[in-house]
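First comes the structure, then the notes that go with it.
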Amino acid sequence: MLRPWAAHWIAAVLLCRAVAQYSSDQCSWRGSGLSHESHRRDVEQVYLRCSQGSLEWLYPTGAIIVNLRPNTEPSSGHMADLHVCIKPHTHSQGSHVYLEHNGDLRMLLAETDQAQGTVHCFSLAEGALFVEAVPQADISRRITAFQYELVSSQGPGAHMYPYLHPGSVTCKPCSDEEVLMAVCTSDFAGSGIFRAVASGTKDHSPAVVTLSRLFRQKSRVFARGGARGRGSGGRINVPAQCSVQPGGDEYLLTGSVHFGKAWLGCAPRYKDFMKLYIRAQKAGTNPCEIDTD
């Protein structure tokens with residue numbers, strides 16, 4: 001609900017003057033409240049057009065509205081599937097974070113919640129982020145900072161995304177089509193074995209893996225020279241419901257990278273994947289080529 005004092009903010013969005021930005025690009029924004037400290041009721045509009053990035057607001061004063069959109073023009077149906085997940089830095093302070101939609105404000109993160117660094121998600125259709133500075137006598141050393149990601153609730157491995165539906169992540173097998181698409185579109189894809197599984201939360205456990213083949217990786221979560229100096233090694237977060245046997249069969253390992261950590265997506269046995277891959281090649285239905293040698 002819109003609180004009485006908040007009506008001024010919403011009106012200010014329509015009437016606010018242009019405020020200079022400290023630095024900005026399409027993915028990340030960094031600004032300072034000192035640029036309009038004499039106009040403490042200013043509301044600054046920030047537009048970000050990437051699937052992931054960050055925001056850093058030094059010496060928060062007044063308020064900013066953060067408008068997040070993908071860097072492509074999606075269809076209306078696809079927009080309905082998009083969610084935003086934000087992860088505040090543990091040192092983040094000086095602001096409350098709300099969702100603003102049609103003049104209504106709904107609390108998403110209080111200032112005191114941000115030190116936990118917990119990821120919070122919401123549908124893009126729910127509105128924009130409204131970041132309001134908490135009045136302080138001394139704004140020095142106050143920095144509001146968080147990372148964000150735009151995530152589709154549909155597609156290969158979406159059912160295993162750890163933050164959209166906490167506590168309900170499943171291990172349902174991917175279809176043949178989803179497996180083939182996962183090799184082409186996942187943040188990482190390779191073949192390897194599970195070396196060990198460490199204790200984690202009730203939802204996920206980190207697994208140590210060694211990859212004999214690394215077909216693709218968007219972020220460098222796997223480093224060359226893994227266990228015993230062969231292939232690539234790293235960690236993958238695995239849903240607790242998945243039965244992982246260290247030292248067992250070789251798997252096709254695909255998945256996504258969120259806030260610097262790898263999360264398991266489609267992961268059939270590698271020999272089963274190869275049968276599927278060869279069959280799709282012969283039928284001319286293979287969506288992309290990979291070097292399986």
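Ligands, DNA and RNA aside, Asp138 has an accessible area near 90 Å² when probed at 1.4 Å. Along each principal axis, taking the top coordinate minus the bottom one, the Cα set of region 234-293 gives 36, 27, 22 Å in descending order.
Computed over neighbours whose Cβ is under 12 Å from that of Asp187, the net charge equals +3, Lys and Arg +1, Asp and Glu -1.
Computed extension gain for Gln116 through Val134, at 0.36 nm per residue and net of the alpha carbon distance, reaches 4.7 nm. Count Lys and Arg as plus one, Asp and Glu as minus one, and take only other residues whose Cβ is under 11 Å from that of Gly127; the net charge is then -2.
With a simple spin-label model that places each label point 7 Å from the Cα along the Cα-to-Cβ direction, the separation between Ser28 and His101 comes to 3.0 nm. For region 83-142, averaging the sequence separation of C-alpha pairs within contact (under 8 Å, six or more residues apart) and dividing by the residue count gives a relative contact order of 45 percent.
For region 79-150, the fraction of C-alpha pairs farther apart than 17 angstrom is 43 percent. Rolling a 1.4 Å probe over the protein chains gives Arg49 an accessible area of about 70 Å². A cut-off under 15 angstrom between Cβ atoms defines the neighbours of Pro239, and their net charge, with Lys, Arg +1 and Asp, Glu -1, is +3.
The values are calculated or read from the model by the stated rules, or taken from the named source; none is laboratory data. What you see is a predicted model, and the numbers here were worked out from it, not measured in a lab. Note that we place each Cβ from the backbone using ideal geometry, even for glycine, and neighbour counts take in every protein chain shown. Ligands, DNA and RNA are stripped out before the accessible areas are found, and what is left, the full protein with its side chains, is counted by its heavy atoms. Shrake-Rupley method; radii C 1.70, N 1.55, O 1.52, S 1.80 Å.
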